[in-house]
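Asker: Dropping a structure here in structure tokens format, bear with me for questions.
The values are calculated or read from the model by the stated rules, or taken from the named source; none is laboratory data. None of these values were measured; they are calculated from a predicted model. Cβ sites come from the backbone with ideal geometry, for glycine too, and all protein chains shown count toward neighbours. Heads up: the accessible areas ignore ligands, DNA and RNA and are worked out on the full protein's heavy atoms, side chains in. Shrake-Rupley method; radii C 1.70, N 1.55, O 1.52, S 1.80 Å.
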Amino acid sequence: MNLKAVLILLAVALVTILALVSVLLSGAGKSTDSCSSKPRHGNLKSNVAQQKSDKGSVFSDLTPEEFSATVDYLKKNLGKNLINAADAKPTENCIYYVDIKYPPKQQVLNYLDRGGENPKREALAVVFFGDQEEPNITEYVVGPLPNPSYYHDITLEKYKENLPYYRRPMIGKEYVDAYDLVYQNEFSMAPTFLKALGYDGSNFAALTTVPRGFKSGDRSTWFVLFLKMKESCFAVQPVGLEILLDHKSMDISKWKVTKVFYNGAYFLNMADLEKQFNAGNVEVIEIQKIKTENDIGSMIPKVTTQPGAPLQFNPAGHRYTVHKNQVTFQSWSFTYGMNVNSGLRLFDIRFNNERIAYEISTQEAIAIYGSNAPGGMITRYLDGSFGIGRFSFELVRGVDCPYLATYIDAHYLMESETPDTTKNAICIFEQDLGVPLRRHYSNMHSMYYGGLPSTVLIVRAVSTLINYDYVWDFIFYQNGVIEAKMHATGYISSSFYFADGKEYGSRVGEHTLGTLHTHFVNYKVDLDVGGVDNSVMTQDMQFNPVNIPWQPEVKIQRPKVVRSILETENQAAFELHAKAPRYIHFSSNTTSKWGHPRSYRVQISSFAGDFLPEESPVEKAMGWARYKLAVTKRKDEEAESSSIYNQNDPWSPSVKFSDFINNETIKNQDLVAWITVGFLHIPHSEDLPNTATPGNAVGFFLRPYNYFDLDPSVNSPDGVYFKSEQDYGSCEVNQLACLSKTASCSPNIPPFTYEGFKNLVNL
């Protein structure tokens, strides 16, 4: 080969190398662009954003300053000696909690829709009065905020009776005093037995059970003992010992243990157990120390963790806005809040600026257990009395919610004189569900493809109530659908395995019985479909025999729609497992383009277990769980289906849901749907280390039904449509063809932070 040819080849190779370097550098430059430098969504962010105003603040939670102002005002003006609840004895007075007191609905609507006066902003304060001749619980309205000048006692108006002191929820100080009596006083009565059991002075933990007795006025609590674990939940490590403490007396020195249970046998107290053990009448199963690798409850990964899980981000930024307590997303707008007792709540939910619902909120969650041990066999948790909102702790980025979600703090005041803040208690994010909202491929007569990805907006909080974790979602779809969903996770509760334990659950560990239980969750849904006045319409089908018109000798069964309008509350109360119409709607007085009533359909997704029989003495305290759906005439005085006082006096509940259903007319009225969902949980070995969410989700949909003349998602900017003859690789025809340009950036990822490890909780 001559020199000239070699030089030519070298030149070609150099040009090729330079070209490749240029391409690589160009690609690298694109991939390292910050997504914040990309064009924003602009007017695609929300077509209702400009229509919102600060009027939504009528629903906003109290600010820390408003909490403090309420407490200060009560301390100066009640004329009572108020002790900080964190230090209060049963014989002292304290403020239990403070929350927003919403104005009557009509006042709010006059303000939002008719230019009326902004309603006064008020607080609800619950005060325990132990330092008086007849101790009681009193509820006050305090206002106007932010500078209070009045308070009103609303207890009689709200409950039609004074609230007995024994109905009060247990506060932290009472738990501390009770635990001290068990661990210090009572344990000292049985040193030999406890040593044989494996107690070293600090390695046992306890869970308490409810209800606390069998009649009004009782206050006796079972303390179920477990092996304390440093790196996992103790709830799956029972030791077989349970202690019943009577703490009814206002005088703590008079509290006493009235029964002890160990491994299938009952004793008078710990001293009696010690005596029987020393006499050789008690066989002890020693609880061995458990190494991490053998801990059935350990959530420590068994393999080395590494990055690589998918990360969701939007190259052009969020397509929703959060302003104070108001959210907008495409055609949706609503306000949000967090009730310290019942959790997430949404108000003034609108689509295209037309109100769909005035309120959608969680009301209560209960769990009914069974076991052959005393604590488990009587347990009926009403979680609202502990605080579904209070125990909605900080969310973990990238697990509890997408890493780049919007995180919002929640403020509350409970068992304290100063407000507390839970950072990142609520998250809001847009999610691609990975399934088309709708789609069609055509190769008949014409060739085209049309589709719309299902991207939704989700508002989420997660409550950890002792061992269980509940993931609460409200989901907004582009076609006008709203979904409420609850996922259950966390740890199962357990009893010590002995004798016939398998009749009450499954054995999931050497000494662990995963106990049978059933979950129920109640929601309040105040729909205003096409206005405040609605009716309940039902639809179903039935087969009717008919002779074929063109061949009369042939008979077929033809399905036909059966419609009706329900007249009364009793007709619209559908018991849990009773047959109900498959289509139930809130219908308006206006009609669609095609002459049908504009309506929203309530569609429930639930697989609840059986509810308590009516002869159960505590059934009335959670009577809403008897109905999968009950529609009642809306009343401001029937604001909640449950009460925090029902837990400690379920025999005479302060709020009895059955009273809401009294055969009033529900035709062309302002109506509320009370929806109950739930599931039966018979634990199994795969519930260890803890319960997974797949298959453990329940909820309901609110679906437009002839409400729009056409699916409103046709107005979504996410739609895709192209025909066979088009250049569907072109951005002008198909937005998906632009992804190489619009998504070639790196998201701005904030550093991981977490401040959730603050206070240990005893319940």
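Asker: Could you run through the range 206-220 and say how many residues are small (Gly, Ala, Ser) and open to solvent by 60 Å² or more (accessible area, probe 1.4 Å)? Outline the logic, then answer.
Answerer: Initial filter on the range 206-220 (small (Gly, Ala, Ser)): 206, 213, 216-217, 220.
Restricting the remaining residues to those that are open to solvent by 60 Å² or more (accessible area, probe 1.4 Å) gives none.
Qualifying residue count, the range 206-220: 0.
Asker: Something else about it: Could we say that Leu710 is open to solvent by 60 Å² or more (accessible area, probe 1.4 Å), in contact with a Ser or Thr (Cβ under 7 Å, 6 or more places away or on another chain) and hydrophobic (A, V, I, L, M, F, W, C) here?
Answerer: Numbers: open to solvent by 60 Å² or more (accessible area, probe 1.4 Å): yes; in contact with a Ser or Thr (Cβ under 7 Å, 6 or more places away or on another chain): no; hydrophobic (A, V, I, L, M, F, W, C): yes.
Criteria not met by Leu710.
Asker: When residues of the range 188-205 are filtered for being open to solvent by less than 50 Å² (accessible area, probe 1.4 Å) and of a type in the set (S, T, N, Q), how many remain?
Answerer: Counting residues in the range 188-205 that are open to solvent by less than 50 Å² (accessible area, probe 1.4 Å) and of a type in the set (S, T, N, Q) gives 1.
Asker: Condition first: farther than 20 Å from Asp61 by Cα and either at pLDDT below 95 or open to solvent by 20 Å² or more (accessible area, probe 1.4 Å) (or both). Now tell me which residues in the range 124-148 satisfy that. It would help to see each step written out before you state the result.
Answerer: Of all residues in the range 124-148, those farther than 20 Å from Asp61 by Cα come to 128-138.
Of everything in the range 124-148, those that are farther than 20 Å from Asp61 by Cα and either at pLDDT below 95 or open to solvent by 20 Å² or more (accessible area, probe 1.4 Å) (or both) turn out to be Asp131, Gln132, Glu133, Glu134, Pro135, Asn136.
Asker: Does the range 157-179 include one or more residues that are in contact (Cβ under 8 Å) with a residue 60 or more places away in the chain and assigned to a strand (DSSP E or B)?
Answerer: Yes - at least one qualifying residue is present in the range 157-179.
Asker: Restrict the check to the range 431-438 and report whether at least one residue is crowded, with 22+ Cβ neighbours inside 10 Å, of a type outside the set (Phe, Trp, Tyr) and touching a residue at least 40 places away in the same chain (Cβ under 8 Å). Give the derivation first.
Answerer: Taking the range 431-438 and keeping what is crowded, with 22+ Cβ neighbours inside 10 Å, we get none.
No, because not a single residue in the range 431-438 is crowded, with 22+ Cβ neighbours inside 10 Å, of a type outside the set (Phe, Trp, Tyr) and touching a residue at least 40 places away in the same chain (Cβ under 8 Å).
Asker: Within the range 691-712, can one find any residue that is at pLDDT 95 or above, under 30 Å from Glu354 (Cβ atoms) and assigned to a helix (DSSP H, G or I)?
Answerer: Yes, some residue in the range 691-712 is at pLDDT 95 or above, under 30 Å from Glu354 (Cβ atoms) and assigned to a helix (DSSP H, G or I).
Asker: Please go through (1) open to solvent by 30 Å² or more (accessible area, probe 1.4 Å); (2) within 30 Å of Asn443 (Cβ to Cβ) for Val720 and return the number of the only condition it doesn't satisfy.
Answerer: Evaluating Val720 over (1) open to solvent by 30 Å² or more (accessible area, probe 1.4 Å); (2) within 30 Å of Asn443 (Cβ to Cβ) leaves (1) as the failure.
Asker: Output the residues belonging to the range 457-516 that are under 15 Å from Leu344 (Cα atoms), surrounded by fewer than 20 Cβ atoms within 10 Å (Cβ to Cβ) and among the polar types (S, T, N, Q).
Answerer: Matches in the range 457-516: Thr464 only.
Asker: Then there is this: Got a sec? Which strands (runs of 3 or more DSSP E) wholly within the range 240-358 have at least 3 residues that are of a type in the set (Ser, Thr, Tyr)?
Answerer: Working: elements: 256-262, 265-267, 320-323, 326-329, 332-339, 343-351.
Counting at least 3 such residues, we get 332-339.
Asker: Being buried (at least 21 other Cβ atoms within 10 Å of the Cβ), touching a helix residue (DSSP H, G or I) at 6+ places or on another chain (Cβ under 8 Å) and modelled with pLDDT of 95 or more narrows it down to one residue among Val224, Val284; which is it?
Answerer: Only one candidate passes the filter, namely Val224.
Asker: I would also like to ask the following. Hey, does the range 699-706 have a residue that's surrounded by fewer than 15 Cβ atoms within 10 Å (Cβ to Cβ) and either of a type in the set (A, V, I, L, M, F, W, C) or under 30 Å from the mean Cα position of the chain (by Cα) (or both)? Before you say what the answer is, go through the steps one by one.
Answerer: Taking the range 699-706 first, the residues surrounded by fewer than 15 Cβ atoms within 10 Å (Cβ to Cβ) are none.
The answer is no; no qualifying residue exists.
Asker: Of all residues in the range 715-735, which are farther than 18 Å from Asn314 by Cα, part of a loop (DSSP other than H, G, I, E, B) and charged (D, E, K, R)?
Answerer: Residues satisfying the conditions are Glu725, Asp727, Glu732.
Asker: Before we move on, is Thr742 β-branched (Val, Ile, Thr), touching a helix residue (DSSP H, G or I) at 6+ places or on another chain (Cβ under 9 Å) and in contact (Cβ under 8 Å) with a residue 40 or more places away in the chain? Step through it out loud before you land on a result.
Answerer: On the way: β-branched (Val, Ile, Thr): yes; touching a helix residue (DSSP H, G or I) at 6+ places or on another chain (Cβ under 9 Å): yes; in contact (Cβ under 8 Å) with a residue 40 or more places away in the chain: yes.
Here the answer is yes, as Thr742 does meet what is asked.
Asker: Can you tell me which residue among Tyr111, Tyr166, Tyr151 is open to solvent by 70 Å² or more (accessible area, probe 1.4 Å) and closer than 30 Å to Lys55 by Cα? Break it down stepwise before answering.
Answerer: On the way: Tyr111 fails: open to solvent by 70 Å² or more (accessible area, probe 1.4 Å); Tyr166 fails: closer than 30 Å to Lys55 by Cα.
One residue alone meets the criteria, Tyr151.
Asker: If the requirement is being buried (at least 16 other Cβ atoms within 10 Å of the Cβ), of a type outside the set (Ser, Thr, Tyr) and under 22 Å from Asp636 (Cβ atoms), which of these qualifies: Lys55, Lys101, Lys120?
Answerer: Values: Lys55 fails: buried (at least 16 other Cβ atoms within 10 Å of the Cβ); Lys120 fails: buried (at least 16 other Cβ atoms within 10 Å of the Cβ).
That would be Lys101, the only listed residue that is buried (at least 16 other Cβ atoms within 10 Å of the Cβ), of a type outside the set (Ser, Thr, Tyr) and under 22 Å from Asp636 (Cβ atoms).
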